[in-house]
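Since every read-out is calculated from the coordinates, none of them should be taken as a lab result. What you see is a predicted model; the values in this text were computed from it and never measured. Glycine gets a Cβ as well: all are built from the backbone with ideal geometry, and neighbour counts include every protein chain shown.
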Amino acid sequence: MPLWELRKLIKMNKTAALASLYILMAVGLGAWGAHTLKPKIELNDFDNLQTAIKYQFIHGLALLILSLNKDKIKRNIFILSTILLSAGILLFCGSLYLLSVKHLMGIPELAKKIWFVTPLGGLCFMATWLILIISFLKK
């Protein structure tokens with residue numbers, strides 16, 4: 001689902017389900033990584049995988065908490081936070097997932113091509129937290 005369609009999910013009050021999906025995926029990818037990928041990938045790649053799983057789980061949980069407190073947050077802050085968290089998961093975690101299996105996929109030069117994606121996703125996470133800090137301090 002493209003990021004611009006997330007607005008439809010938010011309007012349909014499905015954000016908690018989306019957050020739960022992110023968490024489910026993190027748990028599944030964690031199990032897959034530990035039991036299947038670990039013996040097949042380099043230690044650095046496994047560290048990237050673990051980082052992606054951790055950040056996806058944490059930010060999925062943050063989105064779940066936000067969705068359960070939706071009525072206490074301004075609508076525009078909620079929508080922007082949902083979009084930024086989702087973008088962060090897609091860009092930061094997604095790029096790390098790809099980088100962790102680049103050798104298995106036969107594309108070891110991938111890091112040179114997508115080097116900017118991971119920090120861009122990290123900036124999305126940071127922007128979310130900054131927006132929330134400012135929002136909470138204004139109340």
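So the values come out like this:
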item: Simple label model, 7 Å out from Cα along Cβ direction - His35 to Ile114, nm; result: 2.5 nm
item: Helix-only CD estimate at 222 nm, as mean residue ellipticity for the chain, using -39500 (n - 2.57) per DSSP H run (n ≥ 4); result: -22500 deg cm²/dmol
item: Acute angle (nearest 10 degrees) that the helix 43-68 long axis makes with the longest principal axis of the chain, alpha-carbon atoms; result: 20 degrees
item: Compactness relative to 2.2 N^0.38 Å, alpha carbon Rg of the chain; result: 1.11
item: Per principal axis, descending, Cα span of the stretch 61-128 in whole Å; result: 47, 18, 12
item: Normalised contact order of the chain, rounded percent, pairs of Cα under 8 Å and 6 or more residues apart; result: 28 percent
item: 0 to 90° range, to nearest 10: angle between helix 15-32 axis and the chain longest Cα axis; result: 20 degrees
item: Degrees between helix 75-88 axis and first principal axis of the chain (Cα, 0 to 90, nearest 10); result: 0 degrees
item: FRET efficiency for Thr51 and Leu21, using Cβ-Cβ distance with R0 set to 22 Å, rounded to 0.05; result: 0.65
